1. Looking at Y48, is it within 30 Å of G2 (Cβ to Cβ) and part of a helix (DSSP H, G or I)?
2. Which residue is nearest to the chain's Cα centre (by Cα), if the candidates are limited to segment 9-21 and must be under 15 Å from L56 (Cα atoms) and either in a strand (DSSP E or B) or in contact (Cβ under 8 Å) with a residue 24 or more places away in the chain (or both)?
3. Would you be able to tell me the number of residues in segment 58-105 that are modelled with pLDDT of 95 or more, within 22 Å of G40 (Cα to Cα) and in a loop (DSSP other than H, G, I, E, B)?
4. When L81 is evaluated against the numbered criteria (1) free of Cβ contacts under 8 Å to residues at least 60 places away in the same chain; (2) touching a strand residue (DSSP E or B) at 6+ places or on another chain (Cβ under 7 Å); (3) of a type outside the set (G, A, S), which criterion, by number, is the only one it fails?
5. Kindly indicate whether V87 is among the hydrophobic types (A, V, I, L, M, F, W, C) and touching a residue at least 24 places away in the same chain (Cβ under 8 Å).
6. Could you pull out the residue among S90, S62 that is over 23 Å from F109 (Cβ atoms) and out of contact with any strand residue (DSSP E or B) (no Cβ under 6 Å at 6 or more places or on another chain)?
7. Just a yes or no: is a residue in segment 27-36 more than 15 Å from Y77 (Cα to Cα), small (G, A, S), surrounded by 11 or more Cβ atoms within 10 Å (Cβ to Cβ) and touching a helix residue (DSSP H, G or I) at 6+ places or on another chain (Cβ under 9 Å)?
8. Can you find, within segment 23-43, the residue that is farthest from N106 (Cα to Cα) among those that are in contact (Cβ under 8 Å) with a residue 40 or more places away in the chain and assigned to a loop (DSSP other than H, G, I, E, B)?
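The values are calculated or read from the model by the stated rules, or taken from the named source; none is laboratory data. Everything numeric in this text was worked out from a predicted model, so none of it was measured. Glycine also receives a Cβ, built like all others from the backbone with ideal geometry; neighbour counts cover every protein chain displayed.
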Amino acid sequence: MGIANDVTSFTMSDFSRTLQPNSNSGSDHGWGSHHIVVGGAVRGAKLYGTYPTLALGGPDDSGANGRWIPTTGSVQYAATLASWFGVSASQLSSIFPSLGAFSSANLGFV
């Protein structure tokens, strides 16, 4: 059909789990996790963001139970997709008020 560059599918969630089990042998809520973006316009075969140090109490753990602190905000991810959908750079801060707290509004994957 010739529309591969006009179609993008993605996952979106700010939900994850802690690495260390809780007292019930389950895991507690954590912050965002991996996402998948596919489509003809996607600049793939690359990891966007920074992979955390997987050490309990390590530099990327918010405490000692493996609740990793994200390095990429879900708002950055959403703003990147919104830009691809045609939202202008001047409109992004109105749609995503917390976007200014991050160093980059566009992660560059599309």
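1. no
2. My answer is R17.
3. 3
4. So the condition that L81 fails would be (1).
5. Spelling it out, it is not the case that V87 is among the hydrophobic types (A, V, I, L, M, F, W, C) and touching a residue at least 24 places away in the same chain (Cβ under 8 Å).
6. Result of the check over S90, S62: S62.
7. no
8. The residue in question is G32.
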